[in-house]
Structures are given as C-alpha cells and as structure tokens.
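Asker: Structure in structure tokens, see below.
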Amino acid sequence: MAAQTPVSGCPRHKGMGFVCVCKSCEDELICMDCVTESHNGHKMGKLTDYVADQKREIQQYVDKLSKTDIPKIKEDIREQETSGGGYQKVINDIKRQGKQMKDNIDNAIELLVKMCTELEKLNKSVSEKNKTALTKHLREDLEPKLDRCQQVLTSGTTVDVTTLAREIRNTSFDPPSPRRLQTVEFKPGTISTELLERMLGKVLVDGEDQSYKPIPTPVVLSEFTTSFPYTICRTCLTGDEAWLSYWDDESVYRVDIKGSVKETIKCKVKVSSISVSPTTGRVWFCVQDDRSIREITTGGDVVTRFNVNNTPGSLCITSDDMVVVGMDGGIQLYTTDGRAVSAGAGRPCRQVAVSPSSHGV
Ligand SMILES: [Zn+2]
Ligand SMILES: [Zn+2]
C-alpha cells in the first residue's frame, strides 16, 4: 500500500474525479461512473465529511506525536546523556569509602605511635630519676665510705680501725632501688585482605553482587572408614593428616589421608571438641567435666591451659593465637593463657564462629 503511487483520479475510469466514498467498500474513493457500475446499489458517503474525518484523525496523531511521543523520547535521550548509569557516582562512593578507611588506619597508627612516644617519655624520666638517685648514692655515700676505709687502713689509729669495723658491721646497706623500666613490644595483628574487602564494600550490578563466586564443587581426595566413632575432624597444618575426636571418647587420633591411625593421645578425660592451632600445629581441646581448656604438647603430654566459667562445647584456635570457646550462654574469646578478651567491632568473627551445639567452625 505504501509503495503505491497515489492517483489523482479514479483508477478504473480515466479522467474521472472522485465524488464520494463507498461505505460498503471500506470508504473506497469512487467516481460518478463507479457509483452506477461496480458499486451499484452500495451505500455512499459524502467525500467532504470523509476527508474531514481523516484530517481529524491525522490531527490527533499530530497531537500525540508532539505532546507525548516526541517529548518522551527527548527525555530518554537527555537521561542517557546525563545519568550514564551512575558509574561516576559509584566510583566516587568507592573512593570516599576507601579514603574513610585509610583515614581510620592513619588515626589508629597515630594513636599507637602517640602511646609509644608517651611511654618512652615516661620511661626516660624514670631512668633519669634512677640515674640521679644512683649517682647521688655513689657520690655521697659509697665513694666517701671507700675513701674513709682506705684512709683508716693506711693511717688510722687502733681506735679508728675498731670503730670503723664496728660501724661497718652495724650499717645496714640500703641502696636506692631503681624503679623498674617498662618494656614494650609490638604484636602485629593479622592483615586480612578479605576483611578489608568486606569493609570497603561491594559493587552491585542490577542489584546483584558481582564479587559473588559460587563455591566450587568439593572433590573427594580420599574416603575411609574409621574403626572408632568421631564427631570432630580437624585438618593438620600440612593438610595430609587430620585429628579426630569423639565427644564420648577420652582419646584423640591423628590419621593420614588413607585413614590409618598415626598417633593416639590418651587424654584421660572426655574430649568435647578439638582444634589445631594454625600457628603451632598443636591440638587444643576442651573438657566439659571440669570446664578446662587443654593443649597437647609436641611430646604428647596434656597440659591444662585455663578453665572457663561455663560448660565448653567447642573451641577454635585462630591464626592470631586466640582461643574461641563456644560455651553454654555464648562464645568467648581468650588469649592462650586464659585472659578473656572482648571481640571488639569488626573482628572477622564469622571465620571463627563456634556454636556449642554443632561443634561447627
Ligand atoms: Zn470510477
Ligand atoms: Zn462499493
């Protein structure tokens, strides 16, 4: 239809102009001859009315185009130019968050350095005072005494000698005791790239986390059946051996990848849960009966390190040498010598979270 060349007159009757529309033939334009020939008896309509209708229809379309369609497209185009998907804003947000983290690190460094500087100052003043007191004791007490002794020895009378000897016997030595100087050391924490990444944040594309990677399907390296029941299995540092324990058993077992028992430690108490220290490779375990936390030394001896206030269900030794104990009533962090520590905000607790009921890590 679009390709058709519009005809100025009736295509069937050369030279005849249109006079009306045929209502019976979908408003076809027809001439005087058509009315009596092919459209004879059909219902006719006024050409002027029909054209007016068509014009009104076109006008409506014009209105729709100019008032709705075109402004909307123009708006869409503008949006493409201005928004750009918000990448610049995202980049700025990432940088701002990173800067905040760096500032916080700088502040933390400054705080520690300041603390050390002040401790050093304090220590310096203590050592200055110590030096003064010791020097005073040397100059005003010890050295004059030495002089007097030597003088009496070389040229003193009998009375001088006996008097001095008696004096020395009766003198109780009371040298000034220097005040102790504090020692300092720095124990660096574990730098966790994972934690830093979590602190920085994530980029969501269409609401989806792009850093999400599906957990790879586990590959079975070895399968074996043990001759004893076990509930806990902890891999050794080397990765080719594991320690096994059972909540109702008094022994823990070191097995190789084929399941052969390489070592059996008789603990003489029921071992509730075990953990292998990532730094020392030694096994720690907790005991419900006496609420103790024990360590198996390299020689195979069992040493109680400390006791906890609640019944311990499970434990985990972290890479920064902390003991996480899952107990009735909660999870508590301890130093290896049994001092309770508060976890503090932002600690990567989920890596070491232990639940007393499931022994899970
Ligand atoms: Zn005609
Ligand atoms: Zn007709």
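The values are calculated or read from the model by the stated rules, or taken from the named source; none is laboratory data. Quick caveat, the model's predicted, so the values are computed rather than measured. For neighbour counting, all protein chains shown are included, and Cβ atoms are generated from backbone atoms with ideal geometry for every residue, glycine included. Note: accessible area is taken over every heavy atom of the protein model, side chains too, but ligands, DNA and RNA are not part of it. Shrake-Rupley method; radii C 1.70, N 1.55, O 1.52, S 1.80 Å.
Asker: Working only within the stretch 22-49, note down all residues that are within 9 Å of ligand 2 (Cβ to nearest atom), in contact with a helix residue (DSSP H, G or I) (Cβ under 9 Å, 6 or more places away or on another chain) and open to solvent by less than 40 Å² (accessible area, probe 1.4 Å).
Answerer: Cys22, His39, listed by residue number.
Asker: Sort out which residues of the stretch 30-46 are closer than 13 Å to Arg12 by Cβ and more than 9 Å from ligand 1 (Cβ to nearest atom), and write them in order of number.
Answerer: Thr36
Asker: Tally the residues that are under 13 Å from Leu221 (Cα atoms) and loosely packed, with under 14 Cβ neighbours inside 10 Å, restricting the search to the stretch 237-254.
Answerer: Total satisfying the criteria: 2.
Asker: Within the stretch 58-73, is there a residue that is open to solvent by 80 Å² or more (accessible area, probe 1.4 Å) and acidic (Asp, Glu)?
Answerer: no
Asker: Follow-up question, since we're still on this one. Give me the strands (runs of 3 or more DSSP E) completely within the stretch 246-332, filtered to those with at least 3 residues that are of a type in the set (D, E, K, R), ordered by residue number.
Answerer: Hits in the stretch 246-332: 261-266.
Asker: Right, next: Looking at this structure, is Gly15 open to solvent by less than 100 Å² (accessible area, probe 1.4 Å), on the phi > 0 side of the Ramachandran plot and either touching a His at 6+ places or on another chain (Cβ under 8 Å) or within 16 Å of ligand 1 (Cβ to nearest atom) (or both)?
Answerer: yes
Asker: Of the conditions (1) under 33 Å from the mean Cα position of the chain (by Cα); (2) in a strand (DSSP E or B), Ser222 satisfies every one except a single condition; which number is it?
Answerer: (2)
Asker: On the given criteria, is Arg198 in contact with a Leu (Cβ under 8 Å, 6 or more places away or on another chain) and of a type in the set (D, E, K, R)?
Answerer: no
Asker: Let me ask something additional. In this structure, is Ile105 of a type in the set (Val, Ile, Thr) and open to solvent by less than 80 Å² (accessible area, probe 1.4 Å)?
Answerer: no
Asker: Out of the stretch 255-305, which residues are on the phi > 0 side of the Ramachandran plot and open to solvent by less than 70 Å² (accessible area, probe 1.4 Å)?
Answerer: Within the stretch 255-305, Gly259, Gly281, Gly300 meet the criteria.
Asker: Hey, another quick one. Would you tally the residues in the stretch 250-285 being in contact with a Cys (Cβ under 9 Å, 6 or more places away or on another chain) and of a type outside the set (Val, Ile, Thr)?
Answerer: 9
Asker: Could you please find all residues in the stretch 161-211 being surrounded by 10 or more Cβ atoms within 10 Å (Cβ to Cβ) and on the phi > 0 side of the Ramachandran plot?
Answerer: Passing the criteria: only Gly201.
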